[in-house]
1. Find, among the trypsin sites (Lys or Arg not before Pro) in the stretch 31-121, those assigned to loop by DSSP (not H, G, I, E, B) with at most 10 other beta-carbon atoms within 10 angstrom.
2. For every helix of n ≥ 4 consecutive DSSP H residues, a contribution of -39,500 (n - 2.57) applies; sum these over the chain, divide by its total residues, and give [θ] at 222 nm rounded to the nearest 500 deg cm²/dmol.
3. Just to verify a number: FRET efficiency for Asp126 and Arg18, C-beta to C-beta distance, R0 = 41 Å, to 0.05?
4. Where in the stretch 5-57 are there chymotrypsin sites (Phe, Trp or Tyr not before Pro) that are in a DSSP coil and have at most 11 other Cβ atoms within 10 angstrom of their Cβ?
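Here, each number is a calculation from the coordinates, and none is a lab measurement. Values in this document were obtained by computation on a predicted structure and should not be read as measured data. Cβ coordinates were reconstructed from backbone atoms using ideal geometry, including for glycine residues, and neighbour counts include every protein chain displayed.
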Amino acid sequence: LVADAAPPGAQDAIALARARGVVGWRQKAGAGEAIVFGTTFRYRDFSQAAMLERFLERLGARPVARSSNRNVLVEVHRAPDGRRLAFVSNLHASPQRTTLTLFDDAGAPAASRDLALPPMRVEALDLR
C-alpha cells in the first residue's frame, strides 16, 4: 500500500485489491511528469522481469540495453563527453554467455556484442 487514495491532481491511479489501496499514479511535476509506483514485490522468475519491462514500456520508457541471458546484468551510464559505458555483471559461480544489445535514444537496436564472462566478474565496456 502506497496510499489510501491518490493525491489531488493525480491521474491514472492504480489500485490493487490485495493491497487495499492505491499503489501508483501519474502526476504533473513542474515542467515534467512524475510516476509513482510502489508495492511489495518478491522476484522469483524471469516472467516478472518481463512484466516490469512491459509496464515501463506502457509508461513510455525506451530500452537502453538488453542481455540475452537474464542471469547477466547490464547497467549503462552516459559519460559527460557523451560516451556510453556499460557494466556487465556475472554474479554467478559459473561462466555465462550473452549477447548484449544496445539501443539508440529512439529505442531502436544500435549495436550488439557477444560476450563470455567468467564467474563472479564485472566487465566495463566503453561504447563509443
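1. Numbers: sites: Arg42, Arg44, Arg54, Arg58, Arg66, Arg70, Arg78, Arg83, Arg84, Arg97, Arg113, Arg121; in loops: Arg42, Arg44, Arg70, Arg83.
Filter output for the stretch 31-121: Arg42, Arg44.
2. Helices in the chain give a 222 nm mean residue ellipticity of -3000 deg cm²/dmol.
3. Numbers: r = 45 Å, r/R0 = 1.10.
With R0 = 41 Å, the Cβ-Cβ based efficiency is 0.35.
4. Those satisfying the criteria are Phe41, Tyr43.
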